[in-house]
Structure formats: C-alpha cells, structure tokens
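Asks: Got a structure for you, written out below as structure tokens; questions coming shortly.
Since every read-out is calculated from the coordinates, none of them should be taken as a lab result. All values derive from a computational prediction rather than experimental measurement. Cβ placement follows ideal geometry from the backbone for every residue including glycine, while neighbour counts extend to all protein chains displayed.
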Amino acid sequence: MEQLLHYVWKHKLFPLKPLLTAEGESIEIIDPGQANYNAGPDFFNAKIKIGGVVWVGNIEIHQQSSEWERHGHHLDSNYDSVILHVASEIDASVRRSDGETIPQLELHCPGYLSDNYRQLIEADRYPACYRLIPALPKLLLHSWLSRLQTERFEQKTDKIMQLLGRHRKDWEHVFFIILARNFGFGTNSDAFEFWAETIPLQAVNKHRDSLFQIEAFFFGQAGLLQEVPADEYTDRLMKEYTYLSHKFGLKPSANSRWKLLRMRPDNFPHVRIAQLASFYYRSQGLLSALMEAQSLKSLRDMLRCGTSEYWLTHYVFGETSTPHPKTLSNQTIDLLVINTVIPFLYAYGKYKTDNILIQRANGLLEEMRPENNFIVRIWKECGLEAAHAGDSQALIQLKKNYCDIKKCLYCRIGYEYLKKPQCGGQ
C-alpha cells in the first residue's frame, strides 16, 4: 500500500475534491518533487501551498502516520526538511527533531488503482499487461523501449566499471572476462566469468605465439586437466600446465562449476574454452581493433574463430567423435557483438566522454536484427515486436528488471494499465 501511495503522489492521482491538512487547511500540490530511492525522505524538492503559503522541501510517506516515530524520524535531523507528511491513516501527530509539528495529508489510493495493481501483481501470465499493449500508441512504446535500451547499456556499463576497479583499469583483461562470460551462454556464464578472472593474462601473453601453451593455461585454470581420460594430447597438456603452474604460481578454479547436463555438445565448456584459446591466440590488440571498427561486417569477421585440430574430433577430453569443425555460427557471433563488443563501445565512450562512441554503439544495435529468444517471441505475441537488436535488448531489460520482480509501478506500460479505471474489467 505504501508503494501505491508513492505512485499516487508521484503522478498526482488525487481525488477530485479539495485537499486539506489534518487541521483543515487547504493544500495545493504545485510540484510533487523528485522520488528518492536512497536513504532519507521519499521525495526531494517538492513545492506545495498550505493555507496560501508556498513551501519548498521534502515529503515523507507512510501507510500510518505513527510509523514516523516508529522509524525514528522524530530524532533524525535529516527529516527536519520535510514540509508535509502523507499517510493513508493519520493516527498520530508527527514532529521534527526540535519538536515542531509537521502538517499532514490523509491520502487514499483510488479503488480502481488498487484493483489494477492487484491484477498485475497476482497475474500468473507473463506479461500481465498483455491485453493493453495492442491499444497503446506506437510513439509511447518506442520511447519506452529507447529508454530501456539506454538503461540496459548503463547497467552493463556499471558491471564493466566494477570489474575495472578490481583489475586496475585493465580494459583488455576486463574485456576478456566479459567475453568469456558471454561464451557461457547462460548456463555456464558464471563459471566462465569466475574462470576468466583466474587467467593471468600477463603470463599468457608471454606465450601468446603458441596456441598449445594458451590451451594449457586455459584448460588447466578451468580445472579440466585433473584425472581426464589419457591420450597423447591431454598428457602433453597436463605436463605443460604443470610446468606453467610452477613457473607462474597458478591454481586452477574448481571444476565443479562447469555444467554439461542436458547441453548440446557444441556448447560444452571444453569446446568453448578451445574456441576462446584459438581466438586469443590470433587476436592480439583485438580490443583496440574492435573499438575502431567502422562496420558491422568487420566486427563479425574479427570474432570468427575455430579450434585447434584436436577439437575437430572431440567435444571432451579423451572421447573421440565424428569429425566436425567447432566454429562459431553467425547467430552466436551476433550475440557476442550484442552482449560484449557493443556494451564495451558504449562503456568506453562513457569513460572517455566520447559521444561518437556512444552513438556508434546505439547505431550498431539498431543495425542488427533482433535476437530470437523466448522473451522476444512472447512480447511479439502480445503485439510488441522488436524492430532491431536495440529493441530486443530493451525487451530483455523489461522482463528481467520490471516484469520478473513486479516493478509495474515503475514501468511505462504499467502506468498506462494502472491509470485506466476500465482495465479492471478487461
């Protein structure tokens, strides 16, 4: 209920009658202020008029006014700037830390709004607002998807910046970590990220002219060379990794993190690591080249990779299979461009305050076809079709950051659903 009161206040969904304080003075809400999602009052810099006097300050909202004291606000000087306390039930007076009384407004959530919100929260179908989508203006949907696309970029940028903080601003290493994570394609993403953080790239770079030694580094650090079925290749890898681990003081990551159950062989971690080794072997200075690439085709060409000869007839160590080249498909390459290269381009643009890089990142996304996954397909069934990869990234953001955690109050489509009295009857 308190969340709904925040929503009512933010969007000024007030009853069609004069607003009065608990003491009977008239109130005019000139500006509800800016929502605060951190510690402190709920809304900053509001502007209201009480009894003909204009006040500028902060707003605090509770379901019951007695929560003001229960939360200790009467002892906290950070709340002395509150000019109005809003509650759906006024059962106590509220005071600042100096004892001064704060005006209060009793505010109730409209019945239709509560009903619509309950429908969204309790719906067992995704998305819960599917009935409304076909009737929404195209411009509204387009602007919301554009904002979600930017929001997803910012979220990925935050992740990159956190990794840069842990790895001394080493963009090459952080790029390798994000690239490796995306080679996990969901099932093994966390395992690949954990593994990539254990790879001593400075040591690997001293042996970059040998694909075999890179494989020894990579498979050894992945914990996949312990007790493997013996063949000549794996015996050589194990000996080489033993030498390298002594030379550089290496310790493998736990192999229990890797998942193979119900997975297509082409996605086995052994195959993906072999592809990453081949990719790393031939791609010195790749990050700079990717940042400077002027076309989508050149990006795709840079990301094409295969494996060493051993993996043409293997999916795991020691078990031969029908010969089959383990190259990345065009769809897989596009996913790497979408989830690795373009976010790095955007993040580097933000880091360097270079709008040209930021615009190129957005332009590349909008040049690419939308992803084909169940999230995008479900939205299409509801009448919201992705026109390009930027839209599909926006729809993924919408599901994961709004629908899945029921943040309907913060969604533009949810807003349209909630504000219409007739939605409850659909």
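Asks: Calculate, in whole percent, how much of the Cα-Cα pair population of region 266-407 lies beyond 24 Å. Mind showing how you got there, number by number?
Replies: On the way: 4550 of 10011 pairs.
I get 45 percent for the Cα pairs in region 266-407 exceeding 24 Å.
Asks: Going by a ≥ b ≥ c, the root eigenvalues of the Cα gyration tensor, does region 6-100 fall in the rounded group (a/c under 1.5), the prolate group (a/b larger than b/c) or the oblate group? Write down the numbers at each step before the final one.
Replies: Details: a/c = 1.43, a/b = 1.29, b/c = 1.11.
The shape class here is rounded.
Asks: A follow-up question, please. What percentages, rounded to whole numbers, describe P(r) for region 185-258 computed over all alpha carbon pairs with 5 Å bin width beginning at zero?
Replies: 3, 17, 27, 25, 18, 9, 1
Asks: What does the extension gain come out to for residue 47 and residue 97, with contour length at 0.36 nm per residue minus their alpha carbon separation? Mind dumping the intermediate values first?
Replies: Working: separation 50, 0.36 × 50 = 18.00 nm, distance 2.18 nm.
Extra length from residue 47 to residue 97 when fully extended: 15.8 nm.
Asks: Using a cut-off of 21 Å between alpha-carbon atoms, which lysines can reach residue 47, once sequence neighbours fewer than 8 places away in the same chain are excluded?
Replies: 10, 12, 17
Asks: How far apart, in nanometres, would the label points at residue 1 and residue 70 be if each is projected 7 angstrom from Cα along the Cα-to-Cβ direction?
Replies: Computed distance between label sites residue 1 and residue 70 equals 1.1 nm.
Asks: Over the Cα atoms of region 271-311, what Rg and Dmax result, in angstrom?
Replies: Cα only, region 271-311: 11.2, 35 Å (Rg, Dmax).
Asks: Given the pairs 156/399; 159/400; 156/259; 169/400; 259/326, which are separated by over 23 angstrom at their Cα positions? Don't skip to the answer; put the middle values down first.
Replies: Values: 156/399 16 Å; 159/400 16 Å; 156/259 25 Å; 169/400 29 Å; 259/326 19 Å.
156/259; 169/400, as the Cα separations exceed 23 Å there.
Asks: Filter the trypsin sites (Lys or Arg not before Pro) in region 307-365 to those in DSSP coil with at most 14 other Cβ atoms within 10 Å of their Cβ, and list the result.
Replies: On the way: sites: 326, 350, 352, 360; in loops: 326, 352.
Here the trypsin sites (Lys or Arg not before Pro) that fit, given the DSSP loop and packing criteria, are 352.
Asks: If packing is taken as the average count of other Cβ atoms within 10 Å, what order do 307-319, 8-20 fall into, highest mean first? Spell out each step's value before the answer.
Replies: On the way: 307-319: 16.5, 8-20: 13.8.
Ranked by mean Cβ neighbours within 10 Å, highest first: 307-319, 8-20.
Asks: Rounded to a whole number of µm²/s, how large is the Stokes-Einstein D of region 28-177 at 37 °C and 0.692 mPa s, given Rh as the Kirkwood radius over C-alpha pairs? Walk me through the numbers on the way to the answer.
Replies: Numbers: Rh = 19.5 Å.
In µm²/s, the coefficient is 168.
Asks: Would you kindly derive the ³J(HN,Hα) couplings of region 274-280 from the backbone phi angles with the Karplus curve 6.51 cos²θ - 1.76 cosθ + 1.60 (θ = phi - 60°), listing them in order in whole Hz, with x for Gly and Pro?
Replies: Rounded to whole hertz, the list is 4, 5, 5, 4, 4, 4, 5.
Asks: What whole-number distance in Å separates the alpha-carbon centres of region 163-202 and region 99-132?
Replies: Using only Cα atoms to place each centre, the spacing works out to 42 Å.
Asks: What is the sum of charges around residue 276, taking Lys and Arg as +1, Asp and Glu as -1, for the other residues whose C-beta is under 12 Å from the C-beta of residue 276? Let's see the in-between values first.
Replies: Values: positive: 181, 272, 282, 326; negative: 215.
Counting the neighbours of residue 276, the net charge comes to +3.
Asks: Pick the calculated Rg and Dmax of the Cα atoms in Å for this structure from (i) 26.2, 87; (ii) 28.1, 89; (iii) 21.9, 74?
Replies: Evaluating Rg and Dmax of the Cα atoms in Å on these atoms matches (ii).
Asks: Net charge around residue 176, counting only other residues with Cβ within less than 13 Å of its Cβ (Lys, Arg = +1; Asp, Glu = -1)? Working shown, then result.
Replies: Details: positive: 181, 208; negative: 170, 172, 193, 197.
Overall, the nearby charge balance is -2.
Asks: Another question about this same structure. With the crude spin-label approximation of a point 7 Å out along Cα→Cβ, what separation in nm comes out for residue 298 versus residue 231?
Replies: 4.0 nm
Asks: Next up: Given points 7 Å out from each Cα along the Cα-Cβ axis, report the residue 251 to residue 89 separation in nanometres with one decimal.
Replies: Each label point is offset 7 Å from its Cα along the Cβ direction, giving 5.5 nm.
Asks: With a ≥ b ≥ c the root eigenvalues of the C-alpha gyration tensor of region 359-426, is it rounded (a/c under 1.5), prolate (a/b larger than b/c) or oblate?
Replies: Numbers: a/c = 2.34, a/b = 1.99, b/c = 1.18.
Prolate shape, in that a/c is at least 1.5 and a/b is the bigger ratio.
Asks: Convert 37 °C to kelvin, take the viscosity as 0.692 mPa s, use the Kirkwood radius over C-alpha pairs of region 293-335 as Rh, and evaluate the Stokes-Einstein diffusion coefficient in µm²/s, rounded to a whole number. It would help to have the intermediate numbers written out before the result.
Replies: Working: Rh = 11.9 Å.
My calculation gives 277 µm²/s for D.
Asks: Taking amide H positions as placed 1.01 Å from N in the peptide plane, with prolines and chain starts having none, which residues 5 or more places from residue 82, or on another chain, fall under 5 Å of its amide H?
Replies: Distant-sequence amide H within range of residue 82: 58.
Asks: Then there is this: Cut-off under 20 Å on the C-alpha distance; same-chain residues fewer than 8 positions from residue 247 excluded. Which lysines are left, in chain and number order?
Replies: 206, 239
Asks: Right, here's the next one. Pull up all non-local amide H partners of residue 223: gap of 5 or more, or a different chain, and H-to-H distance under 5 Å with H placed in the peptide plane.
Replies: 253
Asks: Find out how many positive minus negative residues lie around residue 47, taking Lys and Arg as positive, Asp and Glu as negative, among other residues whose Cβ is under 15 Å from that of residue 47.
Replies: +1
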